[in-house]
There are 2 protein chains.
Amino acid sequence: MATLLAPKQFSPVEDAENIKRACLGFGTDERAIISILGHRNLFQRKLIRLAYEEIYHEDLIQQLKSELSGDFERAICHWTLDPADRDALLANMALKKTIPDFQVILEIACVSSPEELLATKRAYRFRYKHSLEEDVASYTEGNIRKLLVALTSTYKYDGYEVDGDLAHSEANILHEEIAGKDYNHEELIRILSTRSKSQLTATFNKYRNIHGTSITKGLLIDSTDDYLYALRTAIRCIRDPKKYFAKILRNAMKMEGTDEDALSRVIVTRAEKDLKEIKELFLKRNDMSLEEAVARDTSGDYKTFLLTLLGHQEN
Amino acid sequence: MATLLAPKQFSPVEDAENIKRACLGFGTDERAIISILGHRNLFQRKLIRLAYEEIYHEDLIQQLKSELSGDFERAICHWTLDPADRDALLANMALKKTIPDFQVILEIACVSSPEELLATKRAYRFRYKHSLEEDVASYTEGNIRKLLVALTSTYKYDGYEVDGDLAHSEANILHEEIAGKDYNHEELIRILSTRSKSQLTATFNKYRNIHGTSITKGLLIDSTDDYLYALRTAIRCIRDPKKYFAKILRNAMKMEGTDEDALSRVIVTRAEKDLKEIKELFLKRNDMSLEEAVARDTSGDYKTFLLTLLGHQEN
């Protein structure tokens, strides 16, 4: 469930006007912007952006970019973007880092539904005049490339029909390869990249039933191997995205110096989806709530904005 | 350009009624069916099928299947299907042959536009509750599998923007791998499967300019190697589909015993697209026209139907 608190009644024109007012004059009124955009759902934000364009002949995102700065600017701009376009942007930013951040690509490829991934790929083509797969292949190499290109390419079946015999036989194939430390074998990639989520869930469950251990455990042997890490990440994103994201949040705030990119990414992309459950999982595994952790690790408008998306009620 | 001759004015209800009439009574009136369906475009056939369902609560395709038989039945049923659904069916039939017919998969993957391929993948998922990629991976193996899964997976960029430097460098990569007989290298598959058609055309042209020979020539060394044959087929489908299909038609009728599957497939799938140019290319390379060859190699209603799709005017 979502953490976002959005009113049922709203006026896109009034919102656009109030945002404009907050941007005019000496100094921007960030609080006003947060109190509007931080309480509007996807559809409402879309209408505000359209109204803004209509009234001021200016793109709202461009306006926000010119008025705001730093982590707050990035987070609120990403929040205001259409989700497919945002994922395309996040993917491109991740690829263009000095060391490409394949975790972002894995999240987009493995957590999204086939239709969401397709929408992201359309948005990517539109923005960058390349396909996502093409750029993933250009910016990565070796086994990670094979895995990422395969996972971003496929348009999977997304129904609930599951073949139990197949789950059994593929659980054994996976076990053989993992036990044989033959991690690079194409079967591993083929199974993860072509089978539907329902089918893979059945396969992972069979794996645990037959072999008495989870598939990710078998891949933990060498924690410095990027490819094994990517495989584990893919499996975790497919098997239990909420648990995965709770862990990402934990890691983002465990480090010396917060990883704001990861923190913003998870909160912005999940606030309208399943951030409520992610918050609960976070609380179970940590000695403080997600709100407390965010409040401790961030400050200023950035902190206010993230807490707003987390459903924090101001007094 | 299309060879199909279809009237501007038509009535889906009258057509449905006339088809029903042709099916009733003693013996089916195949000529009547051909004279209707063989002269209706995609949109018109769709409306006839809807009208038929509406009036008789029966699927037109099922009716045709029960009334007709053999190559004629298959060809007219494929013709009546929605193209994406037809390609999904053709792909599945090709995969389920004792020796999977990877040529059909390559045609669908490499000749279709990204949107057409996507529509086929949607239709495939709907029909078979699996993704196309998943079944391609299940029914093939080795290098051919790698190539086919990669080509069917990607959702390519389909614009006209081309990077000349990239074409140059990738032409050299391709040449190195082909000259080094390192055909299985992932770079070959990566380039073919992720780059857009426009980009690949530029790369193939650069290849010829730099190395003085076409890329397919370099792959001709071992004509019995299935993987090399598949690579050549993919490149030919990307580079010049019309020339490729003219050759397929030629081969289909050169054999002892015509290859009706290939003959029907090309005529049915291209009649509304580019069969006119394919006919011209056929005539240039053979000592008879495509109509003459079809008339010589086929007979009965099947022959009448194919000639109708070829734009043959009855006297």
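What's the buried accessible area, both sides, between B and A using a 1.4 Å probe, rounded to 100 Å²?
On the way: alone 15620 and 15620 Å², together 28520 Å².
So the buried area, both faces added, is about 2700 Å².
Put the label 7 Å from Cα along Cα→Cβ for B:Phe10; what are its distances to the other copies, in nanometres, shortest first?
For B:Phe10, the inter-copy label distances come out at 4.9 nm.
Of all chymotrypsin sites (Phe, Trp or Tyr not before Pro) in region A:1-101, which ones are in loop regions per DSSP and have a Cβ with at most 12 other Cβ atoms within 10 Å?
A:Phe26
What residue of chain B sits with its beta carbon nearest the rotation axis taking B to A, and at what distance in whole Å?
Residue and rounded Å distance to the axis: B:Ser153, 2.
Rounded, prolate or oblate: which fits region A:1-131 when a ≥ b ≥ c are the square roots of the eigenvalues of the alpha-carbon gyration tensor, with rounded for a/c under 1.5 and prolate only if a/b beats b/c?
It comes out prolate by the Cα gyration axes.
Lysine pairs in region B:1-122 with Cα distance under 23 Å, only those 8 or more apart or on different chains: how many are there?
10
If the label for A:Tyr56 sits 7 angstrom from Cα along the Cα-to-Cβ line, what are its distances to the same label in every other copy, in nm to one decimal, shortest first?
Listed shortest first, these distances are 6.2 nm.
Averaging sequence separations of C-alpha pairs under 8 Å and six or more residues apart, then dividing by the length of region A:1-157, give the relative contact order as a whole percent.
Value for region A:1-157: 16 percent.
What whole-number distance in Å separates the alpha-carbon centres of region B:1-66 and region A:174-194?
A separation of 50 Å, based on Cα centres.
Could you tell me which of rounded, prolate or oblate describes region B:12-68, using a ≥ b ≥ c as the square roots of the eigenvalues of the alpha-carbon gyration tensor, with rounded for a/c under 1.5 and, failing that, prolate when a/b is larger than b/c and oblate otherwise?
Since a/c reaches 1.5 but b/c is at least a/b, the shape of region B:12-68 is classed as oblate.
If the label point is 7 Å along Cα→Cβ of B:Lys284, which residues in region B:243-270 have backbone nitrogen under 12 Å from it?
Correct set: B:243-244, B:246-247.
For a quick check of your reading of the filter: which chymotrypsin sites (Phe, Trp or Tyr not before Pro) in region A:143-178 sit in a DSSP loop and have no more than 15 other Cβ atoms within 10 Å?
Within region A:143-178, the qualifying chymotrypsin sites (Phe, Trp or Tyr not before Pro) (loop, at most 15 other Cβ atoms within 10 Å) are A:Tyr160.
Please report, ordered by residue number, every helix of chain B (full DSSP H runs) that is 18 Å or longer along its axis going by C-alpha atoms and whose mean Kyte-Doolittle hydropathy reaches -0.5.
Sorted by number, the helices that extend far enough and score high enough are B:42-56, B:83-96, B:164-179, B:226-239.
Every cysteine in chain A with no other Cys Cβ under 4.7 Å from its Cβ, please list them in numeric order.
Within chain A, the cysteines lacking a partner Cβ under 4.7 Å are A:Cys23, A:Cys77.
I'd like the residues of region A:147-173 whose 1.4 Å-probe accessible area shrinks by no less than 50 Å² going from the isolated chain to the full set of protein chains.
The answer is A:Tyr155, A:Tyr157 - residues whose exposure falls by at least 50 Å² when every protein chain is included.
Quick one: compute the contact order of chain A, relative version, from alpha carbon pairs under 8 angstrom and 6+ residues apart, as a percent.
The value is 22 percent.
Report the charge-dipole magnitude of region A:152-232 in Debye, nearest 20, computed about the Cα centre from +1 at each Lys and Arg Cβ and -1 at each Asp and Glu Cβ.
That gives region A:152-232 a dipole magnitude of about 300 debye.
Would you mind counting up the charge near A:Ala167? Only other residues with Cβ under 11 Å from its Cβ, with Lys and Arg at +1 and Asp and Glu at -1.
So the surrounding residues net to -1.
Which shape class applies to region A:116-166: rounded if a/c is under 1.5, otherwise prolate when a/b exceeds b/c and oblate if not, where a ≥ b ≥ c are the square roots of the Cα gyration tensor eigenvalues?
Verdict is oblate for region A:116-166.
Run the reach check for B:Lys217 against lysines, Cα to Cα strictly under 27 Å, same-chain hits fewer than 8 apart removed. What comes back?
B:Lys146, B:Lys156, B:Lys181, B:Lys197, B:Lys206, B:Lys242, B:Lys243, B:Lys247, B:Lys254, B:Lys279, B:Lys284
For A:Phe43, which inter-copy label distances result when the label point lies 7 Å beyond Cα on the Cα-to-Cβ vector, reported in nm to one decimal and in ascending order?
Relative to the other copies, A:Phe43 has label-point distances of 3.1 nm.
Give the range of the longest stretch in chain B that excludes all trypsin sites (Lys or Arg not before Pro) found in loop regions by DSSP and having at most 13 other beta-carbon atoms within 10 Å.
So the longest stretch without any such site is B:182-315.
The values are calculated or read from the model by the stated rules, or taken from the named source; none is laboratory data. What you see is a predicted model; the values in this text were computed from it and never measured. All Cβ positions, even for glycine, are placed from backbone atoms using ideal geometry, and neighbour counts span all protein chains on display. Heavy atoms of the whole protein, side chains included, go into the accessibility calculation; ligands, DNA and RNA do not. Shrake-Rupley method; radii C 1.70, N 1.55, O 1.52, S 1.80 Å.
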